[in-house]
Amino acid sequence: MPARDYRLLSRTVAALALCLGALSSAAAPLPDAAPADAAFMALADDYFDNYYFPANPTAATTAGIHRYDERLEDFSRAGVQRQIKALHGYLHRFEAVDASSLSQRVQGDRELLLSSIRSSLLTLQTIRPWQKDPNLYSDGITAAAFILMERNFSPLDERLRLVCAREKLMPAALRAARLNLRNPPRIYTQIALEQLPAIVSFFQDDLPLAFGSTEDAGLKREFAAANARVIAALKGYQNWLTHVLLPQSHGDFRLGIRTFRAKLAYDEMVDTPLPRLLEIGMADMQRNQAEFARVARELEPDKSVRQVLAQLALDHPEPGQLLDSFRATFDSLIAFIDQHQIVTVPSAVRPILRETPPFMRATTFASMDTPGPYEPAAQEAYFNVTLPAPGWDADRTAGFMAQFNYPLISNVAVHEAYPGHYIQFLWMHRLDDRVRKLVGANTNSEGWAHYCEQMMLDEGYGPTGTGATDQRQSKLLRLGQLQDALLRNARYIVAIRLHTGHMTIDQAIDFFVQQGYQSREVGQVETKRASSDPTYLYYTLGKLQILKLRSDLAARQGSSFRLKDFHDAFMQQGFPPIRLVRRALLQDDSPTL
């Protein structure tokens, strides 16, 4: 679901994290380690301020750091080589730090940065999206303009000047794409072509509309000229992709076993052998399938699982009512969290529901877009929901809306907002650790959100009456939660099998439909995502790690265990890999799975 990719930062959420009482002594630097901790954090500041944000100005803007708002990423091959050289230099400097001199928490920060840098080097040197993914360029320049448009962090005219500055650099970025791209996977070129009409529309329509109220005539002319050049460059890029690159797109998107394992180790600190990971994933999928069948029989004893699924798929709002349907879940979710002592909610401010921005719609159905951890002014958080396109026929629209049946709407609201991503984001403001504000793991952020889906129902969320209607609604909510769990199970299996050469694109789509209980339209979008998000098994993987951590902590604490205390302590750690959270809460390095 992530709405943006920080590369270094976690993929789906901005930054999430920390503070509150439970286990705070484990999180605080030890007094005698303070000088070493301070020296390490100074080195971390040097990394962010003198390499990462200058090299990634869109990420800086997104994080709320506005010193680089006039810049655009250097997409040239020489720029890539400069990044590689700088990353190797910082890798050696962080490796040279004596971990034993640091407090436990700062040891974790060192591990986070080392893993993140190794992941970045793996991406640039081995996976090489700059050479294989046409969408990296068109989506990248669009994100650079979108964040300036979306976040009202300074007066309109000032942000428009920044847009102009970035737009003047965008044609060069698309020229770099033509020089860099070599034999990409066909599916990557197809995804880029699928996204480009919406991207062109964004520059033609959305961006001028957003800045239409400026009264500076000279600035208007400057923007019109720069924007026209970007539109022309994008149309030329689209034509080049169609007629030149697509016929040359015969590359392989699969990572292979060695690279897949390395990425999983660097991004998530998971080194479990892949065959064992598959066993764990298949076992969880089978448990969820069996539970779905059990609840479906209780609900509709005369119907098969497939018939119940088909019935569920029909129970959805009209597309025009979808945003209101999501918004209507907030009151009951917030009340339940408060009444049942689920987790501390740091703010009463709610996220803003809106339609997913056009250039993000090809590979996401719903996402949470939160302000960066250092954003001083534009504090709005957006809950994005993708609607069917107006020109779709009835069958395609119906297939798309099947994923937004009413029980699934409730489940998605739990995942994205309460108590999922949005609550974890709100904890960020209590965090006083720059590394953990900016670096994290999807097994934590997505694992937490997915864990919440099951946890909320396990704790009793939903109708509480004993009547037939309430009982039926409770069962429908459980089926919705299980259907989403099976979607994540399918992602887990497909990610490993697809990228290790044991599954084709068509087989992956079929797997989502047959084993993941999804519509074919959803299976197609999910498989496209799998090709470029190879470790998106992190939803189920993180959920299973969190469930094990909770179980182990409850066994250790016995009658003193409180769910809210556990959740608050989990939030206090930021969003690092679960291995580091486990070390802080259990004071050991016991297995996470």
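Observations, loosely collected:
- In the set (1) surrounded by fewer than 17 Cβ atoms within 10 Å (Cβ to Cβ); (2) within 22 Å of residue 453 (Cβ to Cβ), residue 333 fails one condition alone, (1).
- The lone exception for residue 133 - which of (1) surrounded by fewer than 20 Cβ atoms within 10 Å (Cβ to Cβ); (2) under 22 Å from the mean Cα position of the chain (by Cα); (3) not hydroxyl-bearing (Ser, Thr, Tyr) it fails: (1)
- Only one of 271, 267 that is touching a helix residue (DSSP H, G or I) at 6+ places or on another chain (Cβ under 7 Å), assigned to a helix (DSSP H, G or I) and either of a type outside the set (A, V, I, L, M, F, W, C) or within 30 Å of residue 154 (Cβ to Cβ) (or both): 267
- Among the conditions (1) modelled with pLDDT under 95; (2) of a type outside the set (A, V, I, L, M); (3) within 21 Å of the chain's Cα centre (by Cα), the only one that residue 128 does not satisfy is (1).
- Whenever a residue of the range 437-450 is under 12 Å from residue 536 (Cα atoms) and acidic (Asp, Glu), its partners that are buried (at least 24 other Cβ atoms within 10 Å of the Cβ) and at pLDDT 95 or above, lying with C-beta atoms within less than 8 angstrom and at least six residues away or across chains, give the pairs 446/538; 446/539; 446/542.
- Test: residue in the range 462-475 that is in contact (Cβ under 8 Å) with a residue 40 or more places away in the chain, on the phi < 0 side of the Ramachandran plot, in a helix (DSSP H, G or I) and touching a Pro at 6+ places or on another chain (Cβ under 6 Å): no
- Filter result for the condition that a residue is among the polar types (S, T, N, Q), under 28 Å from residue 190 (Cβ atoms) and modelled with pLDDT under 95, over 524, 515: 524
- Identity of the residue in the range 426-464, closer than 20 Å to residue 582 by Cα and aromatic (Phe, Trp, Tyr), that ends up nearest to the chain's Cα centre (by Cα): 448
- Matching entry among 580, 586 (being touching a Leu at 6+ places or on another chain (Cβ under 8 Å) and buried (at least 22 other Cβ atoms within 10 Å of the Cβ)): 580
- Tallying residues that are surrounded by 24 or more Cβ atoms within 10 Å (Cβ to Cβ) and either within 17 Å of residue 308 (Cβ to Cβ) or at pLDDT below 90 (or both) within the range 411-432 yields 2.
- Qualifying positions in the range 543-565 - closer than 24 Å to residue 338 by Cα, in contact (Cβ under 8 Å) with a residue 60 or more places away in the chain and hydrophobic (A, V, I, L, M, F, W, C): 546, 547, 563
- For the condition farther than 28 Å from residue 59 by Cβ, surrounded by 15 or more Cβ atoms within 10 Å (Cβ to Cβ), charged (D, E, K, R) and more than 17 Å from the chain's Cα centre (by Cα), residue 306 does not qualify.
- Restricting the range 64-101 to residues that are of a type in the set (Asp, Glu) and closer than 18 Å to residue 133 by Cβ, the residue that is farthest from the chain's Cα centre (by Cα): 74
- Close pairs from the range 411-426: first in contact (Cβ under 8 Å) with a residue 12 or more places away in the chain and closer than 14 Å to residue 481 by Cα, partner of a type in the set (S, T, N, Q) and crowded, with 24+ Cβ neighbours inside 10 Å, Cβ under 6 Å, at least 6 apart: 411/481
- Residue satisfying condition, being at pLDDT 95 or above and either touching a Leu at 6+ places or on another chain (Cβ under 9 Å) or charged (D, E, K, R) (or both), within set 190, 204: 190
- Close pairs (6 angstrom Cβ cut-off, 6 or more residues apart or separate chains): of a type in the set (D, E, K, R) in the range 112-127, surrounded by 19 or more Cβ atoms within 10 Å (Cβ to Cβ) anywhere: 118/266
- Conditions (1) of a type in the set (Phe, Trp, Tyr); (2) in a helix (DSSP H, G or I); (3) within 24 Å of the chain's Cα centre (by Cα): number failed by residue 253: (2)
- Only one of the numbered conditions (1) touching an Asp or Glu at 6+ places or on another chain (Cβ under 8 Å); (2) within 30 Å of residue 122 (Cβ to Cβ); (3) of a type outside the set (Val, Ile, Thr) is not met by residue 275, and that is (1).
- From the list 262, 228, 290, the one residue that fits, being under 30 Å from residue 499 (Cα atoms), surrounded by fewer than 14 Cβ atoms within 10 Å (Cβ to Cβ) and not acidic (Asp, Glu), is 290.
- Pick from the range 73-96, criterion hydrophobic (A, V, I, L, M, F, W, C) and in contact with a helix residue (DSSP H, G or I) (Cβ under 6 Å, 6 or more places away or on another chain), ranking: nearest to residue 172 (Cα to Cα): 75
- Taking the range 498-533 as the range and being of a type outside the set (D, E, K, R), surrounded by fewer than 22 Cβ atoms within 10 Å (Cβ to Cβ) and in a loop (DSSP other than H, G, I, E, B) as the test, the residues that pass are 500, 501, 502, 503, 504, 515, 519.
- Condition check for residue 148: in contact (Cβ under 8 Å) with a residue 60 or more places away in the chain, over 30 Å from residue 34 (Cβ atoms) and among the hydrophobic types (A, V, I, L, M, F, W, C): yes
The values are calculated or read from the model by the stated rules, or taken from the named source; none is laboratory data. Keep in mind the model is a prediction, meaning the values are calculated, not measured. Reconstructed Cβ throughout: ideal geometry from the backbone, glycine too, with neighbour counts over all protein chains shown.
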